[in-house]
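Please find one structure pasted underneath; my questions will follow.
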Amino acid sequence: MDFLTSKWMIGLYLLIGLGCFLMLIGKKSVHSKISINATPNQVWEVITNTVQYTEWNSVMLLLEGSIKEGNLVKYRFTQEEGKQYDIPSRVKKIIPSSLLNQGGGTFGIITFDHTYSLEEKEGKTELIIHEDYQGVFVPFWNPAPVEKAYDRLNKDIKNRVESLY
């Protein structure tokens with residue numbers, strides 16, 4: 001019984017408590033929205049045609065896999081500072097011309113839930129890129145460069161779609 005109240009165990013309890021606390025407060029998100037002069041179907045075609053990403057997409061490059069529900073994929077993500085990261089994720093849900101949801105990360109440390117949402121509004125398509133983050137690392141991480149990259153990605157998508165249609 002002395003072992004359970006030793007300074008090592010008390011330290012372990014405190015560490016576990018701190019980890020749980022950081023998991024609870026460790027939440028952030030990024031959000032980027034743009035209006036595109038095209039139908040949701042036309043925007044969807046560009047987003048899901050990953051073979052042509054190298055022609056127009058300055059942020060994401062699909063390295064492995066294909067966009068199908070349940071598939072594992074890996075992207076090379078480029079931030080404005082020129083920093084590149086290879087990011088594996090799983091395609092969680094697809095609703096054609098409406099929603100593409102992917103997620104990944106390391107549970108407890110940092111995870112992400114990424115969505116492309118498309119909605120027709122007044123003859124245009126509103127495209128929203130949204131990403132939620134959770135984990136103990138999140139309070140110490142600045143997502144601003146990621147949000148800037150998604151703003152750039154939205155502009156890339158808009159330019160590509162409007163040049164095609």
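Each value in this text was obtained by applying a stated rule to the coordinates, not by laboratory testing. All of these numbers come straight from a predicted model, not from anything done at the bench.
For Cα pairs less than 8 Å apart in space and 6+ apart in sequence, what is the mean separation divided by the residue count of the chain, i.e. the relative contact order in percent?
It rounds to 31 percent for the chain.
Right, next: Tell me, what ³J(HN,Hα) does each residue in the range 115-121 have, in order and in whole Hz, if you take phi through Karplus 6.51 cos²θ - 1.76 cosθ + 1.60 with θ = phi - 60° and put x for Gly and Pro?
With coefficients 6.51, -1.76 and 1.60, one gets 9, 10, 10, 10, 9, 6, 9 Hz.
A further question follows. How long are the three semi-axes of the equivalent ellipsoid for the range 40-118, computed from the Cα gyration tensor as the root of 5 times each eigenvalue, in whole Å, largest first?
19, 17, 11
From the phi angles alone, apply the Karplus equation (6.51, -1.76, 1.60; θ = phi - 60°) to the range 36-42 and give each ³J(HN,Hα) in whole Hz, x where the residue is Gly or Pro.
10, 7, 6, 7, x, 5, 5
What number do you get for the range 117-165 when its Cα radius of gyration is normalised by 2.2 N^0.38 Å, N = residues?
1.49
With θ set to phi - 60° and the Karplus curve 6.51 cos²θ - 1.76 cosθ + 1.60, what are the ³J(HN,Hα) couplings of the range 133-149 in order, to the nearest whole Hz, using x for Gly and Pro?
For the range 133-149, the Karplus curve yields 10, 9, x, 5, 7, 4, x, 9, 10, 9, x, 4, x, 5, 5, 4, 5 Hz.
Normalised radius of gyration for the chain, please: alpha carbon Rg relative to 2.2 N^0.38 Å, two decimal places.
Ratio of Cα Rg to 2.2 N^0.38 Å: 1.27.
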